[in-house]
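Take a look at the following structure, please.
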Amino acid sequence: MIAPGALLSARGLALSFGRIVALRDAAMDIWPGEVLAIVGESGSGKTTLLNVLSGNVRPDGGTVAYRSGSGAVVDVHAMPAPALRALHRSEWGFVQQDPRRNLRMNVSAGGNVGERLMAQGARHYGNIRDEAARWLETVEIDASRIDDLPRTFSGGMLQRLQIARTLVTRPSLVFMDEPTGGLDVSVQARLLDLIRSLVARLHIAVVLVTHDIAVARLLADRIMVMQNGSVIETGLTDQVLDDPHHPYTQLLVSSVLAA
Amino acid sequence: MSTVAIQAEALAKDFVLHLQGGLRIPVLSEIGLSVHAGECVALAGPSGAGKSTLMRSLYGNYLTDSGSILVRHRGAMVDIAVADPRTVIAVRRETLGYVSQFLRVVPRVAARDVVAEVLIARGTPEAEARGRASELLLRLNIPSRLHGLPPATFSGGEQQRVNLARGFIGGHPILLLDEPTASLDVANASVVAGMIEEAKARGTAIVGIFHDLDIRDRVADRLFHVAPIQEAA
């Protein structure tokens, strides 16, 4: 079950951890090139939803369908594990809040970027290195740092390196879990601007989990608000944030401090 | 008579404040408004009557409770009041422009790019889009040395002019203008009035809120009165 033209569609997702309901009849669609934000407080189920959408956590019920680059529609939770891993290495990307979960800390910055290309079959060392250098500059890391280990990088640089590693294979769909969480505000602004321009230029669809309404407003075309495992309000980002209808969304929007 | 560009029928909107015990505030009721290509309609009415609410509803920024908002988009009428978000985004990209009272600044994005973005989103090559953005900023008396800077540090009037450049650069067939000259001096307000007149001559349908009555009288073809809803007894 996939919506017409959609890249990824989920229907009726349910998941409980013991007596705790993490997802209750959750549904979503994302189309090519659009940014969808999932917002809600901690414990609302937004990260669980991201993990279920990306095939990393299996739901108790419901389906996730993906339209691959070849046009075939696949059931994400019925795929053999190797096929899902191949998808994660090629057409999909996952940006973690903690870049250390995705980066190999004992491999050079250039190696971290080049590795994704090699996993896709690139073999020419010179080309891979050139492409890695280009991507480091794209994410505003000086190419002279190409042979340095990530452990010598600041938190903001690590996050930008993770983004280079993720986008180097030109994925069509990227999952992001609080990509700016834990960074200084000035570093956040730079990262947000980078994500915003890269996503638009490369026409990447993004499912973005954030608890930060301002981040959602800046990046997302559409927004989904979650509470207690349920999707309680969805719509155009500026409409939901400027004219929220659900009591919880009104609380969420009114709780933001204006700078 | 030229074609209808935007038409609201039997529009109604209440705000329900759940944090105030579900207090219901009716703001719009039985609004019927149609604007033709090349026509400028000024919304009139006392402060709090719902002029901005109507404007935001026309843009799809506020969700109306009943009625329709038909917008001529690619030759067909699309009902903004019930269209799905992706359709609203497409209508805004090509057809329906909006100039808000305040620029929402994005950190680190230069004034020129804030303006050029509108064209780039439609596929205009970046260099051409930036060139046209600079021209428009110059026309609005934003000097070249500021074009490469993010508008966060600009004065209120400068930010308003960046916002206007962003609103006008796309040549949208329908433009919604919420106090476009509110923080501008007389000379800059006159530049904006000239831009509105040119847009009308090109066939743009305009709905505006103008506190500056000189500007309003210069650009508006007629007034549309928005009356406050009587409190229910």
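Does region A:205-212 contain at least one residue that is of a type outside the set (Val, Ile, Thr) and at the interface with chain B (Cβ under 9 Å from one of its Cβ atoms)? Spell out the reasoning first.
Step one: list which residues in region A:205-212 are of a type outside the set (Val, Ile, Thr), which gives A:205, A:208, A:211-212.
Imposing the further condition that a residue be at the interface with chain B (Cβ under 9 Å from one of its Cβ atoms) reduces the set to none.
Taking every residue of region A:205-212 in turn, none turns out to be of a type outside the set (Val, Ile, Thr) and at the interface with chain B (Cβ under 9 Å from one of its Cβ atoms).
Of all residues in region A:214-247, which are within 11 Å of chain B (Cβ to nearest Cβ), open to solvent by less than 40 Å² (accessible area, probe 1.4 Å) and modelled with pLDDT under 95?
A:Leu219, the sole residue that qualifies.
For region A:7-20, give me the residue count where each residue is over 17 Å from the mean Cα position of the chain (by Cα) and either within 14 Å of chain B (Cβ to nearest Cβ) or of a type in the set (Phe, Trp, Tyr) (or both).
Looking only at that region, the number is 1.
How do the strands (runs of 3 or more DSSP E) wholly within region A:52-158 filter down when requiring 3 or more residues that are buried (at least 17 other Cβ atoms within 10 Å of the Cβ): which remain?
Where strands (runs of 3 or more DSSP E) fall fully within region A:52-158 and carry at least 3 residues being buried (at least 17 other Cβ atoms within 10 Å of the Cβ), they are A:61-67, A:92-95.
In addition: Could you grab me the full set of residues in region B:78-95 that are in contact (Cβ under 8 Å) with a residue 40 or more places away in the chain and within 19 Å of B:Ser34 (Cα to Cα)?
The answer is B:Ala81, B:Thr95.
Output the residues belonging to region B:83-139 that are within 13 Å of chain A (Cβ to nearest Cβ) and charged (D, E, K, R).
B:Asp84, B:Arg86, B:Arg92, B:Arg93, B:Arg104, B:Arg108, B:Asp113, B:Glu117, B:Arg122, B:Glu126
While we're here: Determine whether B:Ser34 is among the hydroxyl-bearing types (Ser, Thr, Tyr), in a strand (DSSP E or B) and in contact with a strand residue (DSSP E or B) (Cβ under 7 Å, 6 or more places away or on another chain).
Numbers: among the hydroxyl-bearing types (Ser, Thr, Tyr): yes; in a strand (DSSP E or B): yes; in contact with a strand residue (DSSP E or B) (Cβ under 7 Å, 6 or more places away or on another chain): yes.
Answer is yes for this residue.
Same structure, new question: Which one is farthest from B:Gly156 (Cα to Cα) among residues in region B:175-189 that are touching a residue at least 12 places away in the same chain (Cβ under 8 Å) and open to solvent by 50 Å² or more (accessible area, probe 1.4 Å)? So that I can check it myself, show each step before the final result.
Step one: of region B:175-189, the residues touching a residue at least 12 places away in the same chain (Cβ under 8 Å) are B:175-185, B:187-189.
Imposing the further condition that a residue be open to solvent by 50 Å² or more (accessible area, probe 1.4 Å) reduces the set to B:182-183, B:185, B:187.
Details: B:Ala182: 10, B:Ser183: 7, B:Asp185: 11, B:Ala187: 16 Å.
The extreme case among them is B:Ala187.
Is it true that some residue in region A:166-179 is within 14 Å of another protein chain (Cβ to nearest Cβ) and either of a type outside the set (Asp, Glu) or touching a residue at least 40 places away in the same chain (Cβ under 8 Å) (or both)? Spell out the reasoning first.
Pass one, region A:166-179, residues within 14 Å of another protein chain (Cβ to nearest Cβ): none.
No, that holds for no residue.
Right, A:Leu198: closer than 27 Å to A:Ser68 by Cα, open to solvent by less than 10 Å² (accessible area, probe 1.4 Å) and within 14 Å of another protein chain (Cβ to nearest Cβ) or not? Explain how you work it out, then say what you get.
Values: closer than 27 Å to A:Ser68 by Cα: yes; open to solvent by less than 10 Å² (accessible area, probe 1.4 Å): yes; within 14 Å of another protein chain (Cβ to nearest Cβ): yes.
In short, yes.
Among the residues of region B:10-30, count how many are more than 12 Å from chain A (Cβ to nearest Cβ) and either open to solvent by 60 Å² or more (accessible area, probe 1.4 Å) or closer than 21 Å to A:Pro247 by Cβ (or both). Break it down into steps so the answer makes sense when it comes.
Going residue by residue through region B:10-30, those that are more than 12 Å from chain A (Cβ to nearest Cβ) are B:10-12, B:24-26, B:28-30.
Those left that are additionally either open to solvent by 60 Å² or more (accessible area, probe 1.4 Å) or closer than 21 Å to A:Pro247 by Cβ (or both): B:24-26, B:29-30.
The qualifying residues number 5.
Which residue out of A:Asp184, A:Asp193 is closer than 17 Å to A:Leu136 by Cα, over 10 Å from the mean Cα position of the chain (by Cα) and not aliphatic (A, V, I, L, M)?
A:Asp193
Continuing with this model, one more query. Among the residues of region A:161-177, count how many are more than 13 Å from A:Gly114 (Cβ to Cβ) and either of a type in the set (Lys, Arg) or assigned to a strand (DSSP E or B) (or both).
6
Does A:Ala164 satisfy the condition of being in the same structural domain as A:Asp242 (by TED's automatic domain parsing), within 26 Å of A:Tyr66 (Cβ to Cβ) and under 20 Å from the mean Cα position of the chain (by Cα)? Before the answer, list the steps.
Details: in the same structural domain as A:Asp242 (by TED's automatic domain parsing): no; within 26 Å of A:Tyr66 (Cβ to Cβ): yes; under 20 Å from the mean Cα position of the chain (by Cα): yes.
Here the answer is no, as A:Ala164 does not meet what is asked.
Can you find, within region B:63-77, the residue that is nearest to the chain's Cα centre (by Cα) among those that are within 14 Å of chain A (Cβ to nearest Cβ) and surrounded by fewer than 21 Cβ atoms within 10 Å (Cβ to Cβ)? Give the steps one after another, and end with the answer.
The first filter runs over region B:63-77 and keeps only residues within 14 Å of chain A (Cβ to nearest Cβ), leaving B:63-65, B:69.
Add one more test, that the residue is surrounded by fewer than 21 Cβ atoms within 10 Å (Cβ to Cβ), and what stays is B:63, B:65.
On the way: B:Leu63: 16, B:Asp65: 21 Å.
Per the stated criteria, the residue is B:Leu63.
Let me ask you something else. Regarding region A:21-40, can at least one residue be identified that is part of a loop (DSSP other than H, G, I, E, B), under 23 Å from A:Leu87 (Cβ atoms), more than 14 Å from chain B (Cβ to nearest Cβ) and more than 17 Å from the chain's Cα centre (by Cα)? Break it down stepwise before answering.
Within region A:21-40, the first condition is being part of a loop (DSSP other than H, G, I, E, B), and the residues that meet it are A:31-34, A:40.
Okay, now just the ones that are also under 23 Å from A:Leu87 (Cβ atoms), so A:31-34.
Add one more test, that the residue is more than 14 Å from chain B (Cβ to nearest Cβ), and what stays is none.
Looking for residues that are part of a loop (DSSP other than H, G, I, E, B), under 23 Å from A:Leu87 (Cβ atoms), more than 14 Å from chain B (Cβ to nearest Cβ) and more than 17 Å from the chain's Cα centre (by Cα), one finds none in region A:21-40, hence no.
Tell me the residue from B:Ala83, B:Ala90, B:Ala129 that is open to solvent by less than 20 Å² (accessible area, probe 1.4 Å) and either over 25 Å from B:Ala220 (Cα atoms) or assigned to a helix (DSSP H, G or I) (or both), please.
Numbers: B:Ala83 fails: open to solvent by less than 20 Å² (accessible area, probe 1.4 Å); B:Ala90 fails: open to solvent by less than 20 Å² (accessible area, probe 1.4 Å).
Step by step, each of B:Ala83, B:Ala90, B:Ala129 is checked, and only B:Ala129 is open to solvent by less than 20 Å² (accessible area, probe 1.4 Å) and either over 25 Å from B:Ala220 (Cα atoms) or assigned to a helix (DSSP H, G or I) (or both).
The values are calculated or read from the model by the stated rules, or taken from the named source; none is laboratory data. All values derive from a computational prediction rather than experimental measurement. Heads up, the Cβs are rebuilt from the backbone with ideal geometry, glycines too, and the neighbour counts pull from every protein chain shown. All accessible areas refer to the heavy atoms of the entire protein, side chains included, with ligands and DNA or RNA removed. Shrake-Rupley method; radii C 1.70, N 1.55, O 1.52, S 1.80 Å.
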